[in-house]
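The values are calculated or read from the model by the stated rules, or taken from the named source; none is laboratory data. If you're wondering where the values come from, they're calculated on a predicted model, not measured in any experiment. We place every Cβ from the backbone using ideal geometry, glycine too, and count neighbours over all the protein chains shown.
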Amino acid sequence: MKYPNSLSSKLPKVETTIFSVMSALANEHKAINLSQGFPDFEVSKELISLVNKYMSKGYNQYAPMAGVPELRKVIADYIYNKYKTEYNPETEVTVTSGATQALHAAISSVVREDDEVLIFTPAYDSYAPVVELNGGKPVYIQLSTPDYKIDWDIVKRVINHRTRMIIINTPHNPTGTLLDRKDMEELEKITRNSNIIILSDEVYEHIVFDRKKHFSVTSFPGLAERSFAIFSFGKTFHATGWKMGYCVAPENLMREFRKVHQYVVFSCNTAVQYAIADFMQKPENLNISKMYQQKRDFFNSAIKDSRFELLPSSGTYFQLLDYSKITDEHDVDFAKRLTVEHGVASIPISVFYHSELDNKVLRFCFAKNEETLLKASDILSSI
């Protein structure tokens, strides 16, 4: 097939994501896949049964564009009960085809050509390409190391009249750090009396450790009034392949969000939406932090005598390991060699930086059965 010679890529620097590359490499070499962030244990049988129930009842056609009313009502009630902010389920809640689609719709709905968007690196890799697709300019602010904190003085210096959006992510992928109350109050203060919009990626909101707390933008009035907040059912219910998430935002922002959403996916799986609405009625189905902390602690204990250095993980289901005592290889090269020669796949952290900064750190996913984690830790401890 011949292609037009004049075809020019809109994303010339973008290649296949590292997640796909490392998972493919893991499959090819039959390695233990601790790279891509998905569990290797089963979804709740109760939730599967509810999906089957609604499919059998005939809930197999298009859902309303914004999501089935029953689920939007449950989401609004949940947000109010947990974060004490009221969202109208009719006009301020939208069910999406996963969090990445929600992020895409939120950015596309408000970012115009030459708008600047602040992104804190290392950052989840979907943010910047969507900004660029919409003609915006990513402005990168590097988190401090090794604590991966935001320097708000730098943020103040960088903000200008072209700043359209600030993207935050807490609990943070890939580092496992959290924004605390002071961070949120500082962001609220910085954006006060401005037209800056906040995009808050909170997909790991239910996975927080060591009695720490997740602070949502929805809990801060000065932020909630200017924020898209994005959440993930896939992360919470161990069903990443279902691609189900949602966005809450004030009506003026949600109106623009839905204009994009309706022409990207229109609507999401109907039976799954009804099932999740029922499943969320039991608060215990959202209490997953304890389970994931046990997995984190199990994995960390199993590799404590290895030559890898553990970096603190306060949330998400990722653990960073510093390998600088093992080799001075570039992290991408070491991650690939670790997969091919030793049989454990991870994600190199440099790919989350605009500058590809290499601090000799790899990300490992511990959302796995203990048997999987034990096999992986035995290998890592032998290196």
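Listed values, structure above:
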item	result
Residue pairs meeting the criteria (Cβ under 6 Å; at least 6 apart or on separate chains; first assigned by TED's automatic domain parsing to the domain that holds residue 118 and closer than 11 Å to residue 118 by Cβ, in segment 153-164; second modelled with pLDDT of 95 or more and assigned to a loop (DSSP other than H, G, I, E, B))	163/196; 164/111; 164/115
Subset of segment 193-226 [among the β-branched types (Val, Ile, Thr) and more than 19 Å from the chain's Cα centre (by Cα)]	196
Subset of segment 67-106 (residues that are farther than 15 Å from residue 228 by Cα and not in a helix (DSSP H, G or I))	67, 68, 84, 90, 97
Count of residues meeting criterion [surrounded by fewer than 15 Cβ atoms within 10 Å (Cβ to Cβ) and either charged (D, E, K, R) or closer than 26 Å to residue 30 by Cβ (or both)] in segment 328-355	6
Cβ pairs under 6 Å, 6+ apart, first in segment 16-38 and closer than 23 Å to residue 242 by Cβ and not assigned by TED's automatic domain parsing to the domain that holds residue 204, second of a type in the set (Phe, Trp, Tyr) and surrounded by 18 or more Cβ atoms within 10 Å (Cβ to Cβ)	34/364
Segment 77-106 residues that are under 14 Å from residue 202 (Cβ atoms) and not assigned by TED's automatic domain parsing to the domain that holds residue 245, paired with ones that are modelled with pLDDT under 95 and assigned to a loop (DSSP other than H, G, I, E, B) (beta carbon under 9 Å, 6 or more apart)	none
Criterion: more than 22 Å from residue 277 (Cα to Cα), assigned to a loop (DSSP other than H, G, I, E, B), of a type outside the set (Lys, Arg) and over 21 Å from the mean Cα position of the chain (by Cα) - qualifying residue of 8, 35	8
Residue identified as within 19 Å of residue 107 (Cβ to Cβ), aliphatic (A, V, I, L, M) and either assigned by TED's automatic domain parsing to the domain that holds residue 124 or in contact with a Pro (Cβ under 7 Å, 6 or more places away or on another chain) (or both) among 272, 265, 208	265
Residue check, residue 241 within 15 Å of residue 98 (Cβ to Cβ), outside the structural domain of residue 355 (by TED's automatic domain parsing), touching a Gly at 6+ places or on another chain (Cβ under 7 Å) and in a helix (DSSP H, G or I)	no
Number of the condition not met by residue 282 [criteria: (1) over 21 Å from the mean Cα position of the chain (by Cα); (2) over 30 Å from residue 76 (Cα atoms)]	(2)
Residue 279 being surrounded by 15 or more Cβ atoms within 10 Å (Cβ to Cβ), modelled with pLDDT of 95 or more, of a type in the set (Phe, Trp, Tyr) and over 30 Å from residue 63 (Cβ atoms)	no
Qualifying residue in segment 330-345 (condition: within 21 Å of the chain's Cα centre (by Cα), under 30 Å from residue 244 (Cα atoms) and assigned by TED's automatic domain parsing to the domain that holds residue 34)	yes
Residue, nearest to residue 125 (Cα to Cα), within segment 193-223, restricted to residues that are outside any loop (DSSP other than H, G, I, E, B) and not β-branched (Val, Ile, Thr)	201
Residue selected from segment 93-118 under the condition within 16 Å of residue 241 (Cα to Cα) and surrounded by fewer than 23 Cβ atoms within 10 Å (Cβ to Cβ), by the criterion nearest to the chain's Cα centre (by Cα)	100
Of the criteria (1) among the polar types (S, T, N, Q); (2) within 30 Å of residue 50 (Cα to Cα); (3) crowded, with 18+ Cβ neighbours inside 10 Å, which one residue 313 fails	(2)
Filtered residue count, segment 25-45, keeping only those that are over 17 Å from residue 235 (Cβ atoms) and loosely packed, with under 13 Cβ neighbours inside 10 Å	4
Matching residues in segment 227-254 - criterion: being under 16 Å from the mean Cα position of the chain (by Cα) and either surrounded by fewer than 24 Cβ atoms within 10 Å (Cβ to Cβ) or at pLDDT below 95 (or both)	234, 236, 237, 238, 239, 240, 241, 242, 243
Among the candidates 49, 44, residue that is without any contact (Cβ under 8 Å) to a residue 40 or more places away in the chain and more than 21 Å from the chain's Cα centre (by Cα)	49
Residue match in segment 356-372 (condition: in contact with a Phe, Trp or Tyr (Cβ under 8 Å, 6 or more places away or on another chain), surrounded by fewer than 17 Cβ atoms within 10 Å (Cβ to Cβ) and not assigned by TED's automatic domain parsing to the domain that holds residue 143)	yes
Scan of segment 100-153 for residues that are among the aromatic types (Phe, Trp, Tyr) and under 19 Å from residue 180 (Cα atoms), ordered by number	120, 148, 152
